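Encoded as structure tokens, the structure appears first; notes follow it.
The values are calculated or read from the model by the stated rules, or taken from the named source; none is laboratory data. It should be emphasised that the depicted structure is a prediction, and the values quoted were computed from it without experimental measurement. Every residue, glycine as well, gets a Cβ built from its backbone with ideal geometry; the counts of neighbours run over all protein chains shown. Ligands, DNA and RNA are excluded from the accessible area calculation, which covers all protein heavy atoms including side chains. Shrake-Rupley method; radii C 1.70, N 1.55, O 1.52, S 1.80 Å.
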Amino acid sequence: MSSYVSAALRREVQARADGICEYCLIHESDTYLGCQVDHVVSEKHGGVTAIGNLAYACTCCNRAKGSDVGSIAASGEFTRFFNPRTDRWADHFKLRGVFIDPQTAIGEVTARILGVNDPERIMERQLLARLGRFPSPSAARVIAGAR
């Protein structure tokens, strides 16, 4: 398949994610640049443009992830990133206030490389929390382990 993502496929990915970034859980309407369709495994690494390999990602997470598929964990071992298609968010992360606390090596490398706890991202979630917008109802379901 090619990297072209049709409008229909884009809508399907967005609907499945319920409008939130599947990595940092910010709602698309709460981020200036919105969300994009991400290849979980990039085409560069053999990933295909098919619903089972696509995730909804905010621009910050998607740009930071790029074509990477993992990184070196604190253990020194190469560790794959969190995969929204096969992993449950709640198995790899816990939300502590507005801090996304990695619970596994997969969570650790994903959080670090995507920069989900960088100071400006924390401040963004703090502001949204004060406004009652973070976590959104969709994000709350993910945090609770519903998906």
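Quick rundown of the values:
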read-out: Residue in the stretch 22-41 that is open to solvent by 40 Å² or more (accessible area, probe 1.4 Å) and either touching a Cys at 6+ places or on another chain (Cβ under 6 Å) or assigned to a helix (DSSP H, G or I) (or both) present; value: yes
read-out: Residue check, ALA7 open to solvent by 60 Å² or more (accessible area, probe 1.4 Å), without any contact (Cβ under 8 Å) to a residue 24 or more places away in the chain and among the hydrophobic types (A, V, I, L, M, F, W, C); value: no
read-out: Residues (open to solvent by less than 40 Å² (accessible area, probe 1.4 Å) and part of a helix (DSSP H, G or I)) located in the stretch 111-128; value: ALA111, LEU114, ARG121, ILE122, ARG125, LEU128
read-out: Qualifying positions in the stretch 55-110 - aliphatic (A, V, I, L, M), assigned to a helix (DSSP H, G or I), open to solvent by 10 Å² or more (accessible area, probe 1.4 Å) and touching a strand residue (DSSP E or B) at 6+ places or on another chain (Cβ under 8 Å); value: ALA105, ILE106
